[in-house]
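Engineer: Supplied in structure tokens, the structure appears directly below.
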Amino acid sequence: MEEKYYPQTVEEKWQRIWEDNKSFRAVTDRSREKYYVLEMFPYPSGRIHMGHVRNYSIGDVVARYKRMRGFNVIHPMGWDAFGLPAENAAIERNIHPEAWTRENILYMKTQLKRMGLSYDWDREVATCEPDYYRWNQWIFLKFYERGLAYKKSSFVNWCPSCLTVLANEQVIEGACWRCDTEVAQKELEQWFFRITEYADELLNDLDKLNGWPDKVLTMQRNWIGKSIGAEIEFPIEGRQDSLRIFTTRQDTVYGVTFMSLAVEHPLALELSRDTAQEPAVRAFIERIKKVSTARRGEETGEKEGVFTGSYCRNPFTGERAPIYLANFVLMEYGTGAVMAVPAHDQRDFEFAKKYGLPICLVIQPEDRPLSAEDLTEAYVDDGVMVNSGPFTGLKNAEGKEKVAAYLEEKDWGKKDIRYRLRDWGVSRQRYWGTPIPIIYCDRCGIVAVPEKDLPVLLPRDVPFTGKGGSPLAESRDFVVTTCPKCGGAARRETDTMDTFVDSSWYFLRYTAPKFDSKPFDPKEAAYWMPVDQYIGGVEHAVLHLLYARFFTKALRDLGLTNVDEPFSNLLTQGMVSKETYRCEEHDWLFPNELAGSEAEGWRCPKCGRPAIKGRVEKMSKSKKNIVDPEELIAQYGADTARLFTLFAAPPEKDLEWNAQGVEGAFRFLTRLWRFVMQNSEPLAKAGKVPDDLASDLRDLNRLVHRTIKKVTEDIESRFHFNTAIAAVMELLNAVMAAAQKEAPDGRIAVVKDALITIVTLLYPFVPHAASELWEGLGQKQPLNEVRWPSFSTEALEQEKLLIVVQIDGKVRGKITVAADATGEAIERLAIEDPKVKAFLAGKRIQKIIQVPRRLVSIVLEK
RNA sequence: GCCCGGAUGGUGGAAUUGGUAGACACACGGGACUUAAAAUCCCGAGGCCCCGGAAGGGGCCGUGCCGGUUCGAGUCCGGCUCCGGGCACCA
């Protein structure tokens with residue numbers, strides 16, 4: 001063992017040992033209890049960043065800790081390898097996406113290995129491999145068979161310059177992210193997954209997820225957005241059909257004064273045909289349709305509309321209501337038509353005011369009278385129904401039920417539940433993704449690729465221009481095929497799947513990564529699933545985590561797994577941030593490097609002003625506040641990088657980068673190292689811990705056990721690694737203080753004992769240094785095979801207790817009592833304490849409250 | 001607008017069920033070692049005030065703000081302020 005702490009040497013050594021011994025291979029063993037710990041797999045963008053370091057350090061602590069607790073741990077890693085950046089690299093730098101991706105995977109894998117993460121690399125998967133994506137296709141076909149995958153026409157964001165569909169995330173302020181052209185709405189045929197079929201289960205099962213943060217549960221609840229209400233039919237004057245609307249406020253149906261339709265509503269134009277309103281309606285539809293749904297009325301919130309010239313009849317009142325088109329009504333939600341109750345809906349109120357439509361009050365608050373004329377805004381709260389025919393006088397909550405029942409009885413409509421959640425559009429006009437296994441035949445129509453023909457391989461010979469729609473359409477060899485049904489000429493679907501499909505089931509693939517007759521082996525999944533601890537960024541709170549839950553349920557219904565929920569516990573780690581440096585005057589950002597070398601010396605190229613400290617922001621290239629983990633590891637080693645990120649903040653909080661903090665972490669490891677080294681000879685000779693110890697050594701021994709308890713609880717129940725590490729630091733401080741005293745009384749044996757504990761407790765956090773020190777302390781069995789230490793309640797027993805004495809709630813004294821002192825004895829000691837006595841002089845005690853082992857509280861008479 | 005978080009020293013953060021607020025660390029100040037520096041080690045430290053020559057001792061205030069419950073509140077309750085995040089015309 002080296003005198004000095006050279007992390008690089010130590011880390012290389014142990015990484016090789018672990019690799020050679022396949023120390024972290026997970027082997028199915030039904031006699032043992034499994035533990036599945038998983039971090040969200042990375043996109044192979046090129047290099048790992050500090051967010052990865054944090055994510056994987058957290059996961060590795062859990063994995064190593066659980067192994068020491070005797071669990072059969074599976075801790076896999078892989079690559080979310082399909083995606084747009086690879087295609088952009090192809091367009092910009094003329095590298096094939098596949099080559100670019102493979103290079104990145106190789107590089108990042110060596111980076112991850114250098115962090116000493118305890119992965120079972122034998123289970124590695126990359127979603128861009130045919131062995132993986134063929135199962136995306138297989139699942140797609142199963143979904144298609146069951147009606148869970150279907151094709152429909154829908155409105156999408158369309159860039160008229162790039163001639164491609166854009167995801168919502170790729171629309172920046174209404175314009176294309178690549179060419180800045182204004183994005184239009186276009187109706188396209190797209191493949192969808194019917195996630196809405198699972199809406200109710202996805203919502204209800206959130207209650208089972210006790211190990212998830214409330215924040216994420218709430219976000220998913222809101223995203224699914226269940227609304228309970230009714231569908232009502234309003235007959236249209238002069239026509240056979242009627243207008244179907246959805247409402248959650250059927251209790252206000254007597255207050256309807258008009259109707260509103262989305263411009264996309266099938267009847268929008270038709271209702272104005274041959275009326276004076278037709279030109280106005282036509283113009284309005286055209287104008288509003290141009291604006292993407294997301295942006296309508298964004299700036300002003302201004303309600304706009306136009307009268308269609310038609311009326312419908314309220315079945316409850318028999319009154320006629322004019323039908324309007326309105327810019328705020330969405331075609332995607334409900335039926336694209338709403339009943340307007342201006343008195344009790346703010347949007348309808350504003351609309352009615354603008355167009356001079358009547359306002360009819362049908363809910364009265366119970367504490368004050370309202371009249372329609374006095375309203376300055378809609379009254380949306382609960383109250384009593386008025387002007388509501390047979391329902392007048394009911395509380396509106398009760399009215400909701402009664403009105404719904406009544407309209408079913410009269411056959412005017414039905415009770416209904418709607419969700420905000422939409423079906424998942426999975427078609428992408430991109431190259432670097434899974435080809436959708438569908439063939440179009442002029443005679444047979446849409447034909448699924450037969451299972452035996454999978455995988456549909458992604459062709460390599462495709463030009464990357466960045467223009468035009470699906471790149472796959474450019475590959476003749478790919479497109480031209482024969483129909484599996486009739487053998488006639490046919491063409492392949494040229495869209496690929498959303499990459500979120502890949503990540504929706506990868507955790508199942510890890511359980512049997514080489515299995516070749518199904519996406520995964522149900523027997524293996526039955527043992528390893530569900531994931532016991534999932535760790536990743538909160539940015540996936542809705543999308544990925546919702547899709548993965550949906551897939552798990554759908555695959556369960558295909559008989560492949562018996563779990564309802566994939567992730568029992570979820571930890572969403574905070575982001576890694578760092579201060580930025582900027583020019584005060586111009587919007588100029590300065591780069592600032594590792595080790596806090598401040599951005600001093602940088603001057604603004606526009607005005608020459610020196611850099612000043614800006615806001616603390618999430619690390620990003622554009623903010624120029626990146627710290628490259630590779631440099632960090634090269635300088636301090638992986639253990640320091642891990643220790644710093646784990647110590648600086650609890651995992652769920654944001655972590656602010658602090659170069660001095662890194663130094664501090666490194667210093668702690670060096671201090672421990674040096675202490676063990678400098679005392680190697682006496683430590684080697686240390687004998688057994690003698691039975692009778694000096695009092696300070698008994699204290700040290702007690703602290704050892706207290707630390708084991710604290711670290712165990714901090715890891716186990718809260719993932720509060722920062723306090724766990726702090727406790728170990730405290731123990732080291734105490735050990736070093738105890739070792740300073742000279743005495744041949746078995747001191748060194750106690751010190752050695754404590755050091756062994758320290759090193760064991762540190763192993764999950766800093767595995768390389770801990771393993772080396774463990775060896776240095778003469779321990780033979782490899783540390784990664786050692787059991788987690790246990791504490792004895794007996795050793796925790798204190799001989800003396802410090803009791804705080806309060807008078808009227810203020811601390812006035814502290815007394816030390818024997819651990820077995822009686823309440824009366826403690827009370828007597830408290831009152832006799834000189835300081836306390838001084839405060840009691842001339843006062844009378846009203847009562848005394850004792851908290852066992854903690855405090856005595858004396859209350860004086862007033 | 002709605003829904004979630006959060007606010008504690010110069011800084012990151014501790015205080016797990018209401019019981020000594022500020023653990024641990026960073027930064028800082030002082031000292032030791034050194035020709036010197038770095039490194040290392042030791043000591044100090046929430047604020048204000050008082051007693052004492054000093055070592056030391058003591059008091060009051062203090063966890064975003066206002067109020068409440070309690071012998072006792074960072075922690076519980078009511079009402080705000082500010083910050084962060086998510087959703088946002090969802091009928």
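The values are calculated or read from the model by the stated rules, or taken from the named source; none is laboratory data. Since this is a predicted model, take the numbers as computed values, not measurements. FYI the Cβ positions are ideal-geometry reconstructions off the backbone, even for glycines, and counts take in every protein chain you see. Calculation scope for accessible area: heavy atoms of the full protein, side chains included, ligands and nucleic acids excluded. Shrake-Rupley method; radii C 1.70, N 1.55, O 1.52, S 1.80 Å.
Engineer: Would you please list the contacts, defined by Cβ atoms under 6 Å and residues six or more apart or on different chains, that run from a residue in segment A:702-719 that is free of Cβ contacts under 8 Å to residues at least 60 places away in the same chain and aliphatic (A, V, I, L, M) to a residue that is more than 10 Å from RNA strand B (Cβ to nearest atom) and part of a helix (DSSP H, G or I)?
Structural biologist: Within 6 Å, the pairs are A:V711/A:L761.
Engineer: Still on this structure, please answer the following. What strands (runs of 3 or more DSSP E) lie completely within segment A:302-350 and have 3 or more residues being away from RNA strand B (no atom under 11 Å from the Cβ)?
Structural biologist: Strands (runs of 3 or more DSSP E) meeting the threshold: A:305-313, A:320-326.
Engineer: Under 6 Å between Cβ atoms, which residue pairs at least 6 apart in sequence (or on different chains) link something in segment A:307-331 that is more than 18 Å from A:C360 (Cα to Cα) with a partner that is among the polar types (S, T, N, Q) and outside any loop (DSSP other than H, G, I, E, B)?
Structural biologist: Taking only residues 6 or more apart or on different chains, the pairs are A:T308/A:S272; A:G309/A:S272; A:A326/A:S260; A:V329/A:S260.
Engineer: State which residue pairs qualify: first residue aliphatic (A, V, I, L, M) and inside segment A:1-24, second residue not in a loop (DSSP other than H, G, I, E, B) in any location, beta carbons under 6 Å apart, and separation of 6 or more residues or different chains.
Structural biologist: Final answer for the pair search is A:M1/A:G776; A:V10/A:H768; A:V10/A:E772.
Engineer: Output the residue which, of all residues in segment A:71-88 that are modelled with pLDDT of 95 or more and open to solvent by 20 Å² or more (accessible area, probe 1.4 Å), is nearest to A:L761 (Cα to Cα).
Structural biologist: A:F71
Conditions tested, residue by residue: (1) among the basic types (K, R); (2) closer than 16 Å to A:I758 by Cβ.
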| position | (1), (2) |
| --- | --- |
| A:F668 | no, yes |
| A:R671 | yes, yes |
| A:M677 | no, yes |
| A:G687 | no, no |
| A:D691 | no, no |
| A:D696 | no, no |
| A:V704 | no, yes |
| A:K709 | yes, yes |
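Engineer: Please verify whether A:M729 is within 7 Å of RNA strand B (Cβ to nearest atom), in contact (Cβ under 8 Å) with a residue 60 or more places away in the chain and hydrophobic (A, V, I, L, M, F, W, C), treating the condition exactly as stated.
Structural biologist: Spelling it out, A:M729 is indeed within 7 Å of RNA strand B (Cβ to nearest atom), in contact (Cβ under 8 Å) with a residue 60 or more places away in the chain and hydrophobic (A, V, I, L, M, F, W, C).
Engineer: Within the group A:A638, A:A649, A:A611, A:A665, which residue is farther than 21 Å from A:E11 by Cβ and at pLDDT 90 or above?
Structural biologist: When all the criteria are applied, what remains is A:A649.
Engineer: Return the total of residues in segment A:568-582 being buried (at least 19 other Cβ atoms within 10 Å of the Cβ) and either farther than 15 Å from A:N625 by Cβ or among the basic types (K, R) (or both).
Structural biologist: Residues that pass the stated criteria total 6.
Engineer: If we scan segment A:423-440, do we find a residue that is farther than 30 Å from A:V479 by Cβ, open to solvent by less than 30 Å² (accessible area, probe 1.4 Å) and among the aromatic types (F, W, Y)? Step through it out loud before you land on a result.
Structural biologist: Step one: list which residues in segment A:423-440 are farther than 30 Å from A:V479 by Cβ, which gives none.
Within segment A:423-440 (the criterion being farther than 30 Å from A:V479 by Cβ, open to solvent by less than 30 Å² (accessible area, probe 1.4 Å) and among the aromatic types (F, W, Y)), the answer is no, since none of the residues qualifies.
Engineer: Now for a different question. Please give the strands (runs of 3 or more DSSP E) falling wholly within segment A:438-555 in which 2 or more residues are without any contact (Cβ under 8 Å) to a residue 24 or more places away in the chain.
Structural biologist: Strands (runs of 3 or more DSSP E) meeting the threshold: A:480-482.
Engineer: In segment A:49-145, which helices (runs of 4 or more DSSP H) lie fully inside it and hold 2 or more residues that are under 27 Å from A:Y547 (Cα atoms) and in contact with a His (Cβ under 8 Å, 6 or more places away or on another chain)? Spell out how you get there, then give the answer.
Structural biologist: Details: elements: A:50-68, A:84-93, A:97-114, A:130-145.
In segment A:49-145, the matching helices (runs of 4 or more DSSP H) lie at A:50-68.
Engineer: Out of segment A:91-145, which residues are open to solvent by less than 50 Å² (accessible area, probe 1.4 Å) and of a type in the set (S, T, N, Q)?
Structural biologist: A:T101, A:N104, A:Q111, A:S118, A:T127, A:N136, A:Q137
Engineer: Give the residues of segment A:408-437 that are closer than 28 Å to A:S517 by Cβ and free of Cβ contacts under 8 Å to residues at least 60 places away in the same chain, sorted by residue number.
Structural biologist: none
Engineer: Now for a different question. Across segment A:203-246, which residue is nearest to the chain's Cα centre (by Cα) among those that are within 9 Å of RNA strand B (Cβ to nearest atom), aliphatic (A, V, I, L, M) and more than 30 Å from A:E319 (Cα to Cα)?
Structural biologist: A:V216
Engineer: Condition check: under 40 Å from the mean Cα position of the chain (by Cα) and over 28 Å from A:A86 (Cβ atoms). Does A:I446 satisfy that?
Structural biologist: Yes; evaluated as a whole, the condition is true for this residue.
Engineer: Also: Cβ contacts < 8 Å: first residue under 11 Å from A:F590 (Cβ atoms) and basic (K, R), restricted to segment A:607-618; second residue part of a strand (DSSP E or B) and open to solvent by less than 70 Å² (accessible area, probe 1.4 Å), any location; separation 6+ or different chain. Result?
Structural biologist: Close Cβ pairs (under 8 Å, with a partner that is part of a strand (DSSP E or B) and open to solvent by less than 70 Å² (accessible area, probe 1.4 Å)) amount to A:K613/A:E579; A:K613/A:T580; A:K613/A:Y581.
Engineer: Based on what the data block shows, is A:L543 out of contact with any Leu (no Cβ under 6 Å at 6 or more places or on another chain), within 26 Å of A:D200 (Cα to Cα) and surrounded by fewer than 21 Cβ atoms within 10 Å (Cβ to Cβ)?
Structural biologist: The answer is yes for A:L543.
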